[in-house]
Amino acid sequence: MESAKSSYTTINEYIAAFPQNIQTRLEEIRVAIKAAAPGAEERISYQMPAFALHGNLVYFAGLKNHIGFYPTGSGIEAFKDEIALFENTKDSVKFPLNQPLPLDLISRIVQFRVSENLNKAAAKARPKKA
């Protein structure tokens, strides 16, 4: 069941809008992301929970039959073999509600995205060669 509210200001508010079974899963994915990216900032972006560290890392969302996970195209590509077990697109993966969340996979994808964003930030900070 998708949440009926169209405007959220916090991830807590977003999660609270769902039935208990989906709230539990959303909180599980949130905890896994926080553990994998302890310095990341929680926010709402595109009306979904998101984590950012030197730019957006990942988004997630509660939907009627699955949890949507959006680790950008690079996150999907880097883990394409493992993600192939789930319905996916070039920038998203669907975790069915009737299966356990692959929290280890989610954590590794988030760690990959953290590394990617930190490397990009470091490259931007380097002085330009003359």
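Restrict the check to the stretch 25-47 and report whether at least one residue is farther than 16 Å from Val114 by Cβ, in contact with a Gly (Cβ under 6 Å, 6 or more places away or on another chain), touching a residue at least 12 places away in the same chain (Cβ under 8 Å) and surrounded by 14 or more Cβ atoms within 10 Å (Cβ to Cβ).
Looking for residues that are farther than 16 Å from Val114 by Cβ, in contact with a Gly (Cβ under 6 Å, 6 or more places away or on another chain), touching a residue at least 12 places away in the same chain (Cβ under 8 Å) and surrounded by 14 or more Cβ atoms within 10 Å (Cβ to Cβ), one finds at least one in the stretch 25-47, hence yes.
Testing Val114 on (1) more than 11 Å from the chain's Cα centre (by Cα); (2) of a type in the set (Val, Ile, Thr); (3) assigned to a strand (DSSP E or B), one condition comes back false. Which one is that?
(3)
Could you list all residues from the stretch 29-48 that are closer than 14 Å to Val110 by Cα and not aliphatic (A, V, I, L, M)? Quick ask: steps written out before the conclusion?
Of the residues in the stretch 29-48, the ones closer than 14 Å to Val110 by Cα are 29-42.
Correct list: Arg30, Lys34, Pro38, Gly39, Glu41, Glu42.
For Ile15, all conditions in the list (1) among the aliphatic types (A, V, I, L, M); (2) crowded, with 19+ Cβ neighbours inside 10 Å; (3) within 12 Å of the chain's Cα centre (by Cα) hold save one; what is the number of the exception?
(3)
Within the stretch 63-70, identify whether any single residue is modelled with pLDDT under 95, under 15 Å from Gln111 (Cα atoms) and surrounded by fewer than 19 Cβ atoms within 10 Å (Cβ to Cβ), and answer yes or no.
The answer is no, given that none of the residues of the stretch 63-70 is modelled with pLDDT under 95, under 15 Å from Gln111 (Cα atoms) and surrounded by fewer than 19 Cβ atoms within 10 Å (Cβ to Cβ).
Provide a single number: the residues in the stretch 71-130 that are in contact (Cβ under 8 Å) with a residue 60 or more places away in the chain and among the hydroxyl-bearing types (Ser, Thr, Tyr).
The qualifying residues number 1.
In this structure, does Arg43 turn out to be part of a strand (DSSP E or B) and at pLDDT 95 or above? First the steps, then the outcome.
Values: part of a strand (DSSP E or B): yes; at pLDDT 95 or above: yes.
Judged against the criteria, Arg43 is a match.
For (1) modelled with pLDDT of 95 or more; (2) in contact with a helix residue (DSSP H, G or I) (Cβ under 7 Å, 6 or more places away or on another chain); (3) of a type in the set (S, T, N, Q), each residue gets a yes or a no:
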| position | (1), (2), (3) |
| --- | --- |
| Arg25 | yes, no, no |
| Ala35 | yes, yes, no |
| Ala84 | yes, no, no |
| Asn88 | yes, yes, yes |
| Val93 | yes, yes, no |
| Asn98 | no, no, yes |
| Ile106 | yes, yes, no |
| Ile109 | yes, yes, no |
| Glu116 | yes, yes, no |
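Identify the residue in the stretch 79-108 that is within 15 Å of the chain's Cα centre (by Cα) and hydrophobic (A, V, I, L, M, F, W, C) and, among all such residues, is surrounded by the fewest Cβ atoms within 10 Å (Cβ to Cβ).
Ranking the candidates gives Leu103 first.
Can you find a residue in the stretch 91-110 that is assigned to a helix (DSSP H, G or I), touching a His at 6+ places or on another chain (Cβ under 7 Å) and of a type in the set (A, V, I, L, M)? Explain how you work it out, then say what you get.
Quick first cut of the stretch 91-110, residues assigned to a helix (DSSP H, G or I) only: 103-110.
If we keep only those that are touching a His at 6+ places or on another chain (Cβ under 7 Å) too, we end up with none.
Checked the stretch 91-110: no residue is assigned to a helix (DSSP H, G or I), touching a His at 6+ places or on another chain (Cβ under 7 Å) and of a type in the set (A, V, I, L, M).
Go through Ile83, Ile106 for me and flag whichever is out of contact with any Pro (no Cβ under 6 Å at 6 or more places or on another chain) and closer than 17 Å to Val31 by Cβ. Walk me through how you get there before you give the answer.
Values: Ile83 fails: closer than 17 Å to Val31 by Cβ.
Every option except Ile106 fails the conditions.
The values are calculated or read from the model by the stated rules, or taken from the named source; none is laboratory data. Computed from a prediction, not measured in an experiment: that's the story for all the values here. All Cβ positions, even for glycine, are placed from backbone atoms using ideal geometry, and neighbour counts span all protein chains on display.
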